[in-house]
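Visitor: The structure under discussion is supplied below as structure tokens; questions concerning it will follow.
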Amino acid sequence: MLSDKTDTWVPVALSQDLPTGQAMPARTLAGPIALWRSQSGRLAASADRCPHRGMRLSHGFVRGEALSCIYHGWTYSQAGRCLRIPAHPSLTPPETIRVATRSVEEAGGIVWVADGEPDGKPPLFEGYVPLRSLTVRAGGSALSAATGTKAAVEGFVWRAPGAPAIRLLPVPQETGETLIHVLVPADCGVSERVAASRAAESLRRMAERIEAKEAVP
């Protein structure tokens, strides 16, 4: 799977799923992330926990170029520094109040977050564009069995009957689940994109059936 090692880029979301001025939860094997896009379109990724009361920052609000916690409104910059504490409006928050941040890049319509310190930039899949993401209640072995192939560092290409070849980027999530980003050839028409989406759903069902059978003692 793509995030089975450290010092690598992990595809945590599709660009189309994170509009300007919004925050969303994501995760890698290194832990949960608050992923957000500022009003100017800049991406940021931080630990998904406010230092004040531990509320998930992915539930917060993007205000301009900062992210505010939904609980007590503590506000953080893209670099993780606390900028404002509403209960003490005249206070300049000390430098020690901050959230851990992660390197984040956008490439080919995919949002990538660094686990560790990867060399270079995230991969760019020439000739492919993102279609959708889906969560599969199955692990890597079930996915490999369903596709008849094994995921490489940059995912794998799979083709179902009647559908175009699709590139799948699997990312392990919680125990027993895998997030899969589905990419299709850039020249796909509407009917081919629909067929690719249906093929991805079929793969999800196959993998989940295999996972269920493997779980039976």
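The values are calculated or read from the model by the stated rules, or taken from the named source; none is laboratory data. These numbers come from a predicted model, not from an experiment. Ideal geometry is used to build each Cβ from the backbone, glycine not excepted, and the neighbour counts take in all protein chains shown.
Visitor: Does R49 meet the test of being part of a loop (DSSP other than H, G, I, E, B) and either crowded, with 18+ Cβ neighbours inside 10 Å or in contact with a helix residue (DSSP H, G or I) (Cβ under 6 Å, 6 or more places away or on another chain) (or both)?
Guide: Working: part of a loop (DSSP other than H, G, I, E, B): yes; either crowded, with 18+ Cβ neighbours inside 10 Å or in contact with a helix residue (DSSP H, G or I) (Cβ under 6 Å, 6 or more places away or on another chain) (or both): yes.
Here the answer is yes, as R49 does meet what is asked.
Visitor: Taking segment 163-217, which residues are hydroxyl-bearing (S, T, Y) and either surrounded by 21 or more Cβ atoms within 10 Å (Cβ to Cβ) or within 17 Å of the chain's Cα centre (by Cα) (or both)? Can you show your working first?
Guide: Residues of segment 163-217 that are hydroxyl-bearing (S, T, Y), as a first pass: 175, 178, 191, 197, 202.
Matches in segment 163-217: T175, T178.
Visitor: Looking at the structure I just gave you, is G148 of a type outside the set (D, E, K, R), at positive phi and either surrounded by fewer than 19 Cβ atoms within 10 Å (Cβ to Cβ) or outside the structural domain of L43 (by TED's automatic domain parsing) (or both)?
Guide: yes
Visitor: For residues in segment 151-162 being surrounded by 17 or more Cβ atoms within 10 Å (Cβ to Cβ) and among the aliphatic types (A, V, I, L, M), which is farthest from A186 (Cα to Cα)?
Guide: A151
Visitor: Quick test of your reading of the structure: A87 fulfils all but one of (1) outside any strand (DSSP E or B); (2) within 21 Å of the chain's Cα centre (by Cα); (3) among the aliphatic types (A, V, I, L, M). Name the failing condition by number.
Guide: Of everything listed in (1) outside any strand (DSSP E or B); (2) within 21 Å of the chain's Cα centre (by Cα); (3) among the aliphatic types (A, V, I, L, M), A87 misses just condition (2).
Visitor: Where residues in segment 1-28 are assigned to a loop (DSSP other than H, G, I, E, B) and charged (D, E, K, R), which of them is modelled with the lowest pLDDT?
Guide: Taking segment 1-28 first, the residues assigned to a loop (DSSP other than H, G, I, E, B) are 1-7, 18-21.
With the extra rule that they be charged (D, E, K, R), the set shrinks to 4-5, 7.
Working: D4: 50, K5: 55, D7: 83.
Among those that are assigned to a loop (DSSP other than H, G, I, E, B) and charged (D, E, K, R), it is D4.
Visitor: Can you report the number of residues in segment 55-106 which are under 18 Å from R27 (Cα atoms), of a type in the set (G, A, S) and out of contact with any Asp or Glu (no Cβ under 9 Å at 6 or more places or on another chain)?
Guide: Qualifying residue count for the region: 3.
Visitor: Would you be able to say whether some residue in segment 88-106 is aliphatic (A, V, I, L, M) and modelled with pLDDT under 90?
Guide: Checked against the condition, which is being aliphatic (A, V, I, L, M) and modelled with pLDDT under 90, segment 88-106 yields at least one hit.
Visitor: Is it true that some residue in segment 94-104 is touching a residue at least 24 places away in the same chain (Cβ under 8 Å), surrounded by 15 or more Cβ atoms within 10 Å (Cβ to Cβ), of a type in the set (D, E, K, R) and within 25 Å of P122 (Cβ to Cβ)?
Guide: Scanning segment 94-104 turns up at least one residue that is touching a residue at least 24 places away in the same chain (Cβ under 8 Å), surrounded by 15 or more Cβ atoms within 10 Å (Cβ to Cβ), of a type in the set (D, E, K, R) and within 25 Å of P122 (Cβ to Cβ).
Visitor: Moving on. For residues in segment 17-71 being in contact (Cβ under 8 Å) with a residue 24 or more places away in the chain and among the acidic types (D, E), which is nearest to Q173 (Cα to Cα)?
Guide: It comes out as D17.
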